[in-house]
1. Looking at the stretch C:54-64, is at least one residue surrounded by 15 or more Cβ atoms within 10 Å (Cβ to Cβ), within 30 Å of C:V196 (Cα to Cα), more than 8 Å from every other protein chain (Cβ to nearest Cβ) and among the charged types (D, E, K, R)?
2. Within the stretch A:203-230, how many residues turn out to be more than 12 Å from chain B (Cβ to nearest Cβ) and of a type in the set (S, T, Y)?
3. Those residues that are open to solvent by 30 Å² or more (accessible area, probe 1.4 Å), in contact (Cβ under 8 Å) with a residue 12 or more places away in the chain and within 11 Å of another protein chain (Cβ to nearest Cβ), I need them from the stretch A:189-202; list them, please.
4. Only one of A:G57, A:G64 is open to solvent by less than 50 Å² (accessible area, probe 1.4 Å), on the phi > 0 side of the Ramachandran plot, at the interface with chain B (Cβ under 9 Å from one of its Cβ atoms) and not in a strand (DSSP E or B); which?
5. Among (1) without any contact (Cβ under 8 Å) to a residue 60 or more places away in the chain; (2) hydrophobic (A, V, I, L, M, F, W, C); (3) at the interface with chain A (Cβ under 7 Å from one of its Cβ atoms), there is one condition C:L42 misses while meeting the rest; what is its number?
6. Out of the stretch B:88-100, which residues are more than 7 Å from chain C (Cβ to nearest Cβ) and of a type in the set (K, R)?
7. List every residue pair whose Cβ atoms lie under 7 Å apart, where the two residues are 6 or more positions apart in sequence or sit on different chains, the first residue falls within the stretch C:225-251 and is over 20 Å from C:G112 (Cβ atoms), and the second residue, located anywhere, is in a loop (DSSP other than H, G, I, E, B).
8. Quick one: count up the residues across the stretch B:115-139 that are part of a helix (DSSP H, G or I), surrounded by fewer than 24 Cβ atoms within 10 Å (Cβ to Cβ) and touching a residue at least 60 places away in the same chain (Cβ under 8 Å).
Amino acid sequence: MSAKFETRDIVVPGDLLYEGRIRTGDNTFRSEGNVYSNKVGLVNYSNDRVSVIALEGTYSPLVGDLVVGMVTDLELGQWVVDISTPTDAILTINDAVNKSYRTSFDMTTVLDVGDVVVAKIVDFDRRRTPILSIVGRDLGKVYEGFIMKITPSKIPRLIGKKGSMINMILRQTRCQITIGQNGRILINGRNREDEELVVKVIHKIEKEAHTSGLTNRVQEYLRTIKEDRN
Amino acid sequence: MSKKTKKKTTKRKTSKKKWVRVDGRKPDELRPIHIESGVIPNADGSAYIEMGRNKIVAGVYGPREMHPKRFSKPNTGILRCRYHMAPFSVDPRRSPAPSRRDQEIGMVMTDAIEPALFLERYPRSVIDVFVEIIEADGGTRCASINAAAVAIADAGIPMKDLVSSCAAGKYEGNVILDLGDYEDKKGESDVPVAYLPKNDQVTLLQMEGIMTQEETEKCIELAIEGCKQIYEIQKEALKKKYGMVEGAEETEKAPEEEKPVEEAEEE
Amino acid sequence: MSNSIVSRLKRKKIVDVVATGKRMDGRELLQYRDWEIKTNFLAKSAGSAEVKLGKTHVVVGVKIGIGHPFEDTPDAGVMMVNAEYTPVAHPTWEPGPPPKDAIELARVVDRGLRAAEIINMDKLGLVSGEKVQLIFVDLYVLNYDGNLIDACSAGALAALTTTEAPEFNVSKKGEIEKTDKTERLKLRAHPLAVTVCKIGDSLFVDPTFDEDEVMDGRITVTVDENGNLNAIQKRGPVGFTLDEIKKCINIALEKAAEIRALVLAGE
């Protein structure tokens, strides 16, 4: 066997994962004919590739990602938006406003510094700056709710297979939850109790993201807390 | 007995066979090491290390936008390491203002760690590593690098390898590993080394004292052996954070959420 | 009260939630987060304390040295309180000299200790007009999540109550020798700072980082164990009514007693 670990073993940067040829997946790199991990995470061997599911990590933006961010600056014809990427994102007027506008247009009537937005990454410029758009359904300035931040690598766990985890949470708490791929989650509930429950559940998922059987445990957790309430 | 041991009249003068260090360690024995990752909630990654009586915290922020922009590089990211000592970390108290020594150590630390990173993935960005010495007892730059490497991995920043660091030196004529403060101040030489075990590369090398070429090379070899031991401790510290959770089984796979990727680069 | 951009959404949410008498993390308005206080863990310092208040994390070191007295008090020792905002503690904190907030923090903690006459400085003279004992209290912030004043005040008190002061011998020629003997530092009072914050018409204690950014103003009251007020500091670009001020003082007296019990329990 050329695999040096078993699937779901915890590996660290520099660990030799596979001796010989195999396709390299997420968070691995090839060196001198072997494959190594470049992060702390769970190694995964599938039929034709080896990858590492990172347990921590900065957000790696991709076109199509839904993100939640805050406007931090106003420039000529565009806003600068902080979405926790290595360089800040840009939102141009064209990607924010769907109709024509005059050059004397006051940008702050649409978005001002300190505003929170739900946006989509539509492109990267030649300097790898993420380009956003808020034109579209469920995108735009946020007026209500609050933001919770978790490690971006744990977002898939929060969503679950085909949305199983997040749908369960939505059903049980009846809050509006918008999940940004950049680790920022927008929560808006009918009352504080429901909102606090969402926060508790997300904390639990973040802490136990590397284990299995989590969906069932979270379901049980939600059930117990709601029982205690009544 | 060599002339050198006769000159040092302070400590024991037993024969080389029974020679023991001031704290009772063997010549090639490391001080006790304890490393914990994820200790500073606000930081992207962090680590705390105790190496002997050294107590050091490392915090990492990044990759993030570099300010001022004119210092950023268009094609690659920048690593900035800062070494700083708390006023109460040494005796007598020292000023909190950064000294020239602090700045030099920051630079060699950066050189020691940079080869382990993929900086070209983060143009115009910076990775900030801040090391704070809470208590110092010799070999702080080595302990700082050990903590910094764990902190960077804890931040989820991709690395080719961990960086491990250790010093060797000469005290009372004997080549020893991991000098404590006393041995550092009173000894004949100090050779701090940082090492990337996977590629067998030395990324930090300094030397101060009077030694022959052979002694110096022996020190470097011994320091590398110390680095290899520390490497294992660093790995354990990173894994420890993900211990078993009550009620969890290790059977199913995590959900398939991998986004499509291109082939990873050759390193 | 913030020096940087605060999210409008965050401000609105916190203001709405506080108006209902609760906090974002579920606490009551007059409820502190969990305290964790450790003392005497630094071997090279006469006194030390590590305080965790929620996620706020500070280390306080007390060191005793020798130096010149002030001209007008030739026989009195000198106490100096200094605060360092280390760059690991928050993503917006940069390396450099202490910013204004750090200077205020040090001065407010200092004022509380000094006004309460916690240490009899007249007993710290060694050679009249030439040499006196210097007491350094260094406040080192490692993670910032609000309420540094209360955390550092408690840390300073915890460190000072467990400080082992060295004994000095002064020869007839005026030479000073530090002996190996130490003696528990004698304190005449146990002052503690309690900060009461205001958002709209609500008063609350122990702000997190977010609450700190959003609050309209705050009043810090330092009180001793006899119910005396030692120092008051009002900050924020808003006014407080006399009624609100009285409420703040009452809250401070009540909370200081609770916190003091925690601090002194670890003695």
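The values are calculated or read from the model by the stated rules, or taken from the named source; none is laboratory data. A quick note: this is a predicted structure, and the numbers were derived from the prediction, not measured. Please note: Cβ atoms are built from the backbone with ideal geometry, for glycine as well, and neighbour counts cover all protein chains shown. The protein model used for the area step is the full one, side chains on, heavy atoms only, and it has no ligands, DNA or RNA in it. Shrake-Rupley method; radii C 1.70, N 1.55, O 1.52, S 1.80 Å.
1. Looking only at the stretch C:54-64, we keep the residues that are surrounded by 15 or more Cβ atoms within 10 Å (Cβ to Cβ), and these are C:54-64.
Pick out the ones that are also within 30 Å of C:V196 (Cα to Cα) and you get C:54-62.
Of the ones still in play, those that are also more than 8 Å from every other protein chain (Cβ to nearest Cβ) are C:54, C:56, C:58, C:60.
Those left that are additionally among the charged types (D, E, K, R): none.
Scanning the stretch C:54-64, I find no residue that is surrounded by 15 or more Cβ atoms within 10 Å (Cβ to Cβ), within 30 Å of C:V196 (Cα to Cα), more than 8 Å from every other protein chain (Cβ to nearest Cβ) and among the charged types (D, E, K, R), so the answer is no.
2. 1
3. As a first pass, look at the stretch A:189-202 and keep what is open to solvent by 30 Å² or more (accessible area, probe 1.4 Å): A:190-193, A:196, A:199-200.
Filter once more, so that each one left must be in contact (Cβ under 8 Å) with a residue 12 or more places away in the chain: A:190, A:193, A:199-200.
Correct list: A:E193, A:V199, A:K200.
4. Working: A:G64 fails: at the interface with chain B (Cβ under 9 Å from one of its Cβ atoms).
The conditions single out A:G57.
5. Checking C:L42 against (1) without any contact (Cβ under 8 Å) to a residue 60 or more places away in the chain; (2) hydrophobic (A, V, I, L, M, F, W, C); (3) at the interface with chain A (Cβ under 7 Å from one of its Cβ atoms), the one that fails is (3).
6. Residues satisfying the conditions are B:R94, B:R100.
7. C:V238/C:D216
8. Pass one, the stretch B:115-139, residues part of a helix (DSSP H, G or I): B:115-116, B:119-121.
With surrounded by fewer than 24 Cβ atoms within 10 Å (Cβ to Cβ) added as a condition, the list becomes B:115, B:119-121.
Next, only the ones that are touching a residue at least 60 places away in the same chain (Cβ under 8 Å) stay: B:115.
Residues flagged as part of a helix (DSSP H, G or I), surrounded by fewer than 24 Cβ atoms within 10 Å (Cβ to Cβ) and touching a residue at least 60 places away in the same chain (Cβ under 8 Å) within the stretch B:115-139 amount to 1.
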